[in-house]
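Here, each number is a calculation from the coordinates, and none is a lab measurement. What you see is a predicted model, and the numbers here were worked out from it, not measured in a lab. In this analysis, Cβ positions are derived from the backbone assuming ideal geometry, glycine residues included, and neighbour counts consider all displayed protein chains.
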Amino acid sequence: MNNNIISIKLPLIIFTLGTAFNRLPAQEQLPREQALKYAFAVSVNLEQLQGTPIATDVDLKRPVVLRDGEYGGMFLPEAKLTAEAITKAGDKVVSIGQLWLHKLTPMRDGQGIASEKLRMAKVTGEDGIEVQVPQCALGMRRNAAGSLELLLYGKSTEPLLAVPVSAAGVKAEQGIVLEAERSDDGGRLTVIFFGNYKAKLSFTALET
């Protein structure tokens with residue numbers, strides 16, 4: 001079996017990011033009760049859930065899901081992730097969690113990353129229809145200049161993306177907050193960590 005393909009039985013999930021609106025309204029983030037159902041579903045095979053290129057141990061009780069139509073994403077934070085852990089990050093990668101996408105792919109150098117470079121999860125709906133969705137591990141470290149950067153992983157232990165992390169400049173929040181907005185060629189996701197830090201990732205439609 002290809003270890004880069006995860007086979008999980010679960011109800012057909014429409015994970016969604018805001019690419020159809022300039023900015024998602026608050027109600028586009030699913031209530032915790034609904035988000036928990038999706039997190040539980042992907043935990044059916046724990047060994048495969050944890051088989052990411054960098055070791056992850058996600059907290060299935062703290063999922064964050066955004067939706068808009070047929071596009072979207074779910075963030076599962078690392079179980080022991082804290083603001084202090086991010087602040088103390090050095091040149092060794094600190095696991096941040098996992099980002100699951102539906103019909104979207106991260107962008108690099110203005111282009112969508114091909115599915116061949118992503119770690120794809122095979123999802124089977126109750127109606128028997130299978131879909132493949134990218135499952136991206138996320139990490140954080142300080143670069144040679146001492147600045148924090150967010151790393152996104154596909155199949156390989158080498159990150160596909162390294163984006164800068166900056167001060168959030170917002171009122172302190174508990175846990176993770178996702179904000180999505182439209183861009184010229186797709187959508188942009190801002191991930192806010194504990195109200196202290198933020199990083200931006202760009203996405204476009206995944207070609208099949």
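Once amide H atoms are placed 1.01 Å from N in the peptide plane, what residues at a sequence separation of 5 or more from Leu206, or on another chain, have their amide H within under 5 Å of its amide H?
HN-HN under 5 Å from Leu206: Leu104, Thr105.
So, by mean Cβ neighbours within 10 angstrom, what's the order for 29-37, 191-199 with the highest one leading?
Order by mean packing, descending: 191-199, 29-37.
Could you work out how much longer the chain between Lys61 and Ser147 gets when fully extended? Use 0.36 nm per residue separation minus the Cα distance between them, nm to one decimal.
27.9 nm
Report the extension gain between Ala162 and Ala114 in nm, rounded to one decimal, defined as 0.36 nm multiplied by the number of residues separating them, less their alpha carbon distance.
15.6 nm
Once fully extended, how much extra length lies between Asp185 and Leu46, figured as 0.36 nm per residue of separation less the alpha-carbon to alpha-carbon distance?
46.5 nm
For a quick protection proxy, order the peptides 62-71, 96-105 by their average other-Cβ count within 10 Å, most packed first.
Highest mean packing first, the order is 96-105, 62-71.
So how do 77-90, 135-148 stack up, highest first, on mean other-Cβ count within 10 Å?
Descending mean neighbour count gives 135-148, 77-90.
Which residues' amide hydrogens lie under 5 Å from the amide hydrogen of Ala79, considering only partners 5 or more residues apart or on another chain, with H built in the peptide plane?
Close amide H contacts, sequence-distant or interchain: Asp57, Val58, Asp59.
For the pair Gln132/Lys200, report the inter-label distance in nm, with labels modelled 7 Å from Cα in the Cβ direction.
For Gln132 paired with Lys200, the spin-label model returns 3.1 nm.
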